[in-house]
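Just so you know, all these numbers are worked out from the coordinates, no wet-lab data involved. Not measured: the values here are computed from a predicted model. Glycine gets a Cβ as well: all are built from the backbone with ideal geometry, and neighbour counts include every protein chain shown.
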Amino acid sequence: MGFEPATRDLRERENSVVKVDWDGFRKFVYSNYMEKTARDYWRCARRYGHLLFKGDLSPLKTFSNYKRSHVLKALATLSKFLGLYREFRELREAYGIKWSKGTSDQIVIKRLLRADNERDLLDRIRRVKKEIPQISSFVDLIATTGLRLVEALNAYNLIISLAKEGKLRDYYEDSILKHYGYPEIFIRKTKKVFISIVPDSVIEGVSRAERLTYDMIKKRMQRRRIELRFSDLREYWASKMVKYLKQPEIDFLMGHISANVFMANYFNPVWIKDLKDRTLKGEKEILKEINQ
């Protein structure tokens, strides 16, 4: 069978005396990925790394799509660290395990169901803002930018720090958060975001707030037994922006396409002001809904 060489090579490595330098792997992930991602990869690799060495990924077929995706990413990262990525890729293909979270039809159906549950999402957002006022301004920021959780948290804390130093204009000016000015934070290997357009009222609220960590947010929500996935706010932003922006513009602001691709194919001299006006109009509608 086609996958036998990769499987045999991996099993030979498992039976050898070669051991994984876990301390080295830990340094590798923490130096190449954001803290939350690095922590997830580290934990998953330690727990499921044996599947890679045994050449047996069948247990992954029993996992949920969400869990399978996380474990696959961790094993892929571990295999790159060990120089086994080719074998890992062949093994994954041999077992018919895909990166996709489902067929395109399933993804569409899932999004339609989420659209039907928008009222429930709004209720949860309002509940968080009411019962946990310490993170209310953070919710406003992520709901009006469509940023990923880590990006939003970094932007949130950066706004607070710069505001205290009197240097906020270095980052936020004329309704635009200039992420590109901090490439070490926002321009990552696989995920990049260059600008966000945000109402002044949101930035003012954030600048008066206290810094947050992911664990602080998670624990406060768990204590009140509130389930709110911040990825839902990201999709909520995108669904609202469809009324005001073109799809390439949404993709650009969400960090789905590079600046070079956008500039080469979609940019025109009047784009910035026009984009800003339309985006702010949509985000004011979002703020009105989540603050009722």
- Which ³J(HN,Hα) values in Hz, rounded to whole numbers, follow from the phi angles of segment 231-240 under the Karplus curve 6.51 cos²θ - 1.76 cosθ + 1.60, where θ = phi - 60° and Gly and Pro get x? 5, 5, 5, 5, 5, 4, 4, 4, 5, 6
- Message: Take the residue pairs Lys240/Lys288; Lys240/Lys281; Lys19/Lys98; Lys19/Lys54; Lys178/Lys273 and return only those whose Cα atoms are more than 20 Å apart.
- Response: Lys19/Lys98
- Query: Once phi is turned into ³J(HN,Hα) by the Karplus curve 6.51 cos²θ - 1.76 cosθ + 1.60 with θ = phi - 60°, what whole-Hz value does each residue of segment 45-51 show in order, with x for glycine and proline?
  - Reply: 5, 5, 7, 10, x, 4, 5
- Task: Report ³J(HN,Hα) in whole Hz for each residue of segment 67-84, in order, from the Karplus equation J = 6.51 cos²θ - 1.76 cosθ + 1.60 where θ = phi - 60°; Gly and Pro get x.
- Result: 5, 4, 4, 5, 5, 4, 5, 5, 5, 5, 5, 5, 5, 5, 5, 8, x, 10
- Using r as the Cβ-Cβ distance of Arg43 and Ile257, and R0 as 30 Å, what FRET efficiency do you calculate, to the nearest 0.05? 0.45
- Extension length gain for Asp200 and Asn65 (0.36 nm per residue less Cα distance), in nm, is 44.7 nm
- Linear extension gain, Ser58 paired with Ser31, 0.36 nm per residue minus alpha-carbon span: 6.7 nm
- Specify which residue in the list Asn65, Phe53, Ser79 is farthest towards the positive end of the charge dipole of segment 44-104, using unit charges on the beta carbon of Lys, Arg (+1) and Asp, Glu (-1), about the Cα centre. Asn65
